[in-house]
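A short worksheet on the structure shown next.
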Amino acid sequence: MPDDADPPAEPYGQARRCLEIIVSALGGAGATPADVVRSRIFVTDHEAVEEVMRAHGEVFGTVRPASTGIVVAGLFDPRWLVEIEVEALLPGQPGTGPGGPALG
């Protein structure tokens, strides 16, 4: 978070923040959520899964990348309950098929 601010308290808000960061990073690489082929979602409480997947679906609902959900004992920063990572194929890049090389 900017200036070490606290993340949102609830899993949905944290997932939305993760996804905002992801969408921004994708844009910086010339990609969009439509270019995402895989996501990994880490949560510290299995009861948060429904809220986190609701946020994930708001961004990737029509894209439907391969997704893995993992419940972990904790994250590096204990204020965070959610971590999301994605891999995308960059449009127009030669090398790994129609979409281009992976961005991880």
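The values are calculated or read from the model by the stated rules, or taken from the named source; none is laboratory data. In this text the structure is predicted, and so the values were computed from the model without any measurement. Neighbour counts run over all protein chains shown; Cβ positions are idealised from the backbone, glycine included.
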Test for Leu19: is it in a loop (DSSP other than H, G, I, E, B) and either surrounded by 14 or more Cβ atoms within 10 Å (Cβ to Cβ) or hydrophobic (A, V, I, L, M, F, W, C) (or both): no
Positions within segment 28-47 being in contact with a strand residue (DSSP E or B) (Cβ under 6 Å, 6 or more places away or on another chain), in a helix (DSSP H, G or I) and buried (at least 16 other Cβ atoms within 10 Å of the Cβ), in sequence order: Asp35
Lone unmet requirement of (1) touching a strand residue (DSSP E or B) at 6+ places or on another chain (Cβ under 9 Å); (2) part of a helix (DSSP H, G or I); (3) exposed (fewer than 15 other Cβ atoms within 10 Å of the Cβ) for Glu50: (1)
Residue satisfying all of: in segment 2-16; without any contact (Cβ under 8 Å) to a residue 24 or more places away in the chain and out of contact with any helix residue (DSSP H, G or I) (no Cβ under 9 Å at 6 or more places or on another chain); farthest from Leu90 (Cα to Cα) among these: Ala9
Criterion: loosely packed, with under 14 Cβ neighbours inside 10 Å and outside any helix (DSSP H, G or I) - qualifying residue of Ala25, Ala9: Ala9
So Phe76, is it loosely packed, with under 14 Cβ neighbours inside 10 Å and at pLDDT 95 or above: yes
